1. Can you tell which of L5, L56 is at pLDDT 85 or above and among the aliphatic types (A, V, I, L, M)?
2. Say we look at region 75-102 and pick out the residues that are more than 15 Å from R40 (Cα to Cα) and acidic (D, E); which of these is least open to solvent (accessible area, probe 1.4 Å)?
3. Here are some residues: A91, A104. Which one is closer than 30 Å to E25 by Cα and in a helix (DSSP H, G or I)?
4. Yes or no: G72 open to solvent by less than 50 Å² (accessible area, probe 1.4 Å), at pLDDT below 80 and of a type outside the set (A, V, I, L, M)?
Amino acid sequence: MKDKLADDMAAAKNTIKEGADTTLEKVNEVVSEQANFAARQVGGVATALEKVGAELEASDQPEVGRYARQIGRSVQRVAKQMQNKDIGQIAAMAEEFGRREPLAFLGIAALAGLSASRFLTASAKRSPMEATRGTLPVTPAAPSVTGGYTNG
């Protein structure tokens, strides 16, 4: 009986360990996907900075444009380095980038904050009163047989 219980306990431990290993693998896959998604998003911000910089250089603000393009190139390098890294490595890279390029880091943080606030504002639910006011069609009432107006 004791041996059977010990065997059952060992089997249960192995099953739990296998389940934990599988779960950990799945978590790592999801985190890796999210890190690569974040790298693509940062790359998009970098491209936007470079485009804005080019437009400013072509207009009447060449100094600001040149600086924006330099920031864009720096951010693009960071985005490429972020690919296939884990979250801890990305956090360390962000910290290092913040030390190396504090103005670019603050600019990106401000841009991210602005984007997040615009997203939240756009996706916020409207109050029920506001929703009904904006969605009800306004149609004139049809005259009734007696010459008055009906309510429908």
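1. Values: L5 fails: at pLDDT 85 or above.
After applying the criteria, what remains is L56.
2. Ranking the qualifying residues of region 75-102, first place goes to E101.
3. Working: A104 fails: closer than 30 Å to E25 by Cα.
Result: A91 is the single residue among A91, A104 that is closer than 30 Å to E25 by Cα and in a helix (DSSP H, G or I).
4. On the way: open to solvent by less than 50 Å² (accessible area, probe 1.4 Å): yes; at pLDDT below 80: no; of a type outside the set (A, V, I, L, M): yes.
So G72 fails the test.
Yes/no matrix, rows are residues, columns are (1) in contact with a His (Cβ under 7 Å, 6 or more places away or on another chain); (2) modelled with pLDDT under 85; (3) farther than 14 Å from A48 by Cα; (4) hydroxyl-bearing (S, T, Y):
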{"residue": "Y67", "(1), (2), (3), (4)": "no, yes, no, yes"}
{"residue": "Q89", "(1), (2), (3), (4)": "no, yes, yes, no"}
{"residue": "A92", "(1), (2), (3), (4)": "no, no, yes, no"}
{"residue": "R99", "(1), (2), (3), (4)": "no, no, yes, no"}
{"residue": "L103", "(1), (2), (3), (4)": "no, yes, yes, no"}
{"residue": "A110", "(1), (2), (3), (4)": "no, yes, yes, no"}
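Here is a yes/no grid of residues against (1) open to solvent by 100 Å² or more (accessible area, probe 1.4 Å); (2) under 30 Å from Q70 (Cα atoms):
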residue	(1), (2)
L5	yes, no
K17	yes, no
T22	no, no
Q34	yes, yes
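The values are calculated or read from the model by the stated rules, or taken from the named source; none is laboratory data. Note that the coordinates shown come from a computational prediction; the quantities given were computed from them, not determined experimentally. Note that each Cβ is placed from the backbone with ideal geometry, even for glycine, and that neighbours are counted across all protein chains shown. The area values use the complete protein model at the heavy-atom level, side chains included, leaving out ligands, DNA and RNA. Shrake-Rupley method; radii C 1.70, N 1.55, O 1.52, S 1.80 Å.
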